[in-house]
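The values are calculated or read from the model by the stated rules, or taken from the named source; none is laboratory data. Here the structure is a predicted model, which means the values were calculated and not measured. Every residue, glycine as well, gets a Cβ built from its backbone with ideal geometry; the counts of neighbours run over all protein chains shown.
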Amino acid sequence: MYQVNNRIRIESAEQLQHLVERFRTAPESMKEVPGFISFRLLKAEDESHLLVETVFESKEAFVNWTQSEHFKRAHGGRTHQNARPDLSAYEVLIK
């Protein structure tokens, strides 16, 4: 398995609410993505950032998603190449 975390800095209460609403449908919509396993949205205790966790069957499944139409729709038309995410990726060793 392959987990990717995207850290999104929060600058206002309005931005936080907007992002939570945008991500609300992600768990369901991601089910149509080949190789997708799970999704979680976490808020830092100090509310300074959100952490978006996605888990895929493999790195290849993640990369394929970042090149898909589904990814573009989920990210307002942006591709992985022109987004500026704060990503960290991990191979899952023990579940």
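Within region 2-28, the residues that satisfy the criterion of being more than 11 Å from the chain's Cα centre (by Cα) and surrounded by 15 or more Cβ atoms within 10 Å (Cβ to Cβ) are Tyr2, Ile10, Leu16, Leu19.
Among what's in region 51-95 and is of a type in the set (Val, Ile, Thr) and under 14 Å from the mean Cα position of the chain (by Cα), pick the residue that is modelled with the lowest pLDDT.
Per the criteria, the residue is Thr79.
Restricting the search to helices (runs of 4 or more DSSP H) fully inside the chain and requiring at least 2 residues that are touching a residue at least 12 places away in the same chain (Cβ under 8 Å), in contact with a strand residue (DSSP E or B) (Cβ under 9 Å, 6 or more places away or on another chain) and among the charged types (D, E, K, R) gives 59-66. Against the conditions (1) on the phi < 0 side of the Ramachandran plot; (2) surrounded by 11 or more Cβ atoms within 10 Å (Cβ to Cβ), Asp46 satisfies every one except (2).
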